[in-house]
Amino acid sequence: MIRFQCPHCRTALQADEELAGRSLTCSHCRQKLRVPGKPTGTAGRVVCVCAGCKATFAAASKPQPHRVQCPKCGTRMRVPGADQVTADGETLRFTCEQCGQVYCVLAKYAGKKFGCLACKSPCRIPQLPEPEPEPAAEGLGILAAGPPPGWEEGLAADLEAAQQRRQPQEPEEPAGFDVSAIQMPSRAAARTPVETGTDWRDRLEALPFVIRIPMGMVAGLALALVVGAVWAGIAKATGLIFCWLCVPAAAAAAYGLMPFVRDRNVGVGLFAAFLGLLGIVAGKAMIATWAVAPLLREEVAKHIGDPGLFSMTDEDVAEVVNDPDAMFGPVCLQLAEEQNWDRAFVIDVFRVWAEDGQIPDEPLSNDIERVRQAVDEVDEAVETWPETRLRETARRQGPELMRLLANELVDSAPMQALGAGIAFLGSFALWDLILIPIALGTAFKIGNDS
């Protein structure tokens with residue numbers, strides 16, 4: 001059973017716990033009211049807001065004023081007694097009109113509104129009471145004759161007695177309140193430390209903000225990359241692309257960021273989702289480079305020797321024969337076959353010929369002078385061979401030249417990058433349209449209010 005007062009007529013009411021939070025009508029004044037929530041772990045205790053770090057903690061309620069200490073930062077504050085409103089104008093003591101929860105805040109917050117931590121109802125902090133005017137002194141006579149005789153000896157005796165005895169000390173509330181008994185909303189609870197001193201989270205919290213945020217970025221991205229690498233490794237080992245692994249990649253990014261950021265909010269959630277997206281993109285890039293691109297190169301190498309893949313018609317042969325530059329390749333391959341040139345030497349001949357006899361940027365596998373002699377020999381053959389031999393050479397060596405160039409192109413870095421890029425784009429399948437929003441939503445949820 002929940003017992004409370006009507007906020008309009010102050011009539012004592014009670015309702016079943018199942019009606020907590022629902023709107024009802026007062027049986028006395030017929031005004032609408034909301035039934036407060038169930039009694040929380042702070043019932044019978046004073047919920048204090050620290051004057052230093054703004055942390056919320058519970059303190060014992062006593063009849064007389066007493067001092068309490070914040071368990072987080074150690075700041076001491078004065079709590080008014082049970083029948084007092086303020087303690088020397090420093091703090092205010094008041095109760096929630098809906099559920100009766102007692103609070104103690106700094107007097108500067110008088111008149112502010114907030115949501116009660118116990119019943120979630122709107123609550124207003126009262127104003128400081130007006131100081132009562134001191135009664136005018138009436139009937140007091142003025143001592144015209146001065147102090148009575150012997151007053152110096154009495155004062156000296158009082159001072160000596162005060163030095164010899166200890167003055168009474170004001171009782172203090174011991175530190176170390178049970179903060180875990182306070183039931184708060186998730187976002188408020190995330191800001192209240194349960195343990196202090198040796199916990200690694202407290203040591204992180206003690207670091208400056210400009211250090212914690214970059215560390216959180218690095219940790220979140222590192223975890224996302226680790227999951228992305230595992231994702232790519234599974235894809236390479238099995239030949240399958242597991243799209244659902246993008247969800248743990250995003251979640252890992254959020255969990256890597258969280259230890260460095262205590263306050264969970266929309267901005268942190270969006271940043272966690274952004275780190276998760278970087279992890280997903282990195283995982284797909286690794287899949288394209290490690291798993292899909294090698295398969296693409298193997299597929300090209302498998303079919304590059306097919307007889308019908310490269311063929312030349314009579315028109316193609318005539319066009320090549322009439323172009324000395326186009327005939328250089330077939331004639332070079334013919335001479336390589338006749339003189340037993342290896343493939344590396346043939347490639348060097350092509351590279352030096354493309355540079356007009358100059359040394360190319362990349363180092364050659366053979367002596368430059370020997371390569372230049374071979375280039376001159378091929379040029380001379382193109383100019384001196386009869387047309388019938390050139391036609392036969394073009395028809396026979398033309399397809400071989402195209403296969404050689406295709407092999408070099410597949411093994412080149414630009415082609416590998418192009419293949420990885422095509423595979424990366426192709427890996428965005430229909431599942432990505434479903435799973436990537438789920439992954440980013442998971443990261444946002446973790447960063448916002450977990």
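Values in this text are rule-based calculations from the coordinates and carry no lab data. Just so you know, these numbers come straight off a predicted model, no measurement behind them. Cβ: placed from backbone, ideal geometry, glycine included. Neighbour counts: every protein chain shown.
When Lys and Arg each count +1 and Asp and Glu each count -1, what net charge do the other residues less than 9 Å away from C123, Cβ to Cβ, add up to? Summing Lys/Arg as +1 and Asp/Glu as -1 gives +1.
Here's the list of lysines a cross-link from K236 could span, going by alpha-carbon distance under 20 Å and ignoring same-chain residues fewer than 8 apart: K284, K302.
Based on the mean of other Cβ atoms within 10 Å per residue, sort peptides 220-227, 274-281, 333-340, 62-69 so the most packed one is first. Intermediate values should be presented prior to the final figure.
Numbers: 220-227: 21.8, 274-281: 23.9, 333-340: 14.8, 62-69: 16.4.
Ranked by mean Cβ neighbours within 10 Å, highest first: 274-281, 220-227, 62-69, 333-340.
Beyond 32 Å in Cα-Cα separation lie the following of the pairs K62/K112; K113/K445; K32/K54; K62/K120; K32/K445; K108/K445: K32/K54; K32/K445; K108/K445. Summarising the amide proton neighbourhood of V105: residues at separation of 5 or more, or on other chains, whose placed amide H is nearer than 5 Å comprise L92. For the stretch 353-368, backbone phi angles converted through the Karplus equation (6.51, -1.76, 1.60; θ = phi - 60°) give residue-by-residue couplings of 4, 5, 9, 6, x, 7, 6, x, 5, 7, x, 8, 8, 10, 5, 5 Hz, Gly and Pro being listed as x.
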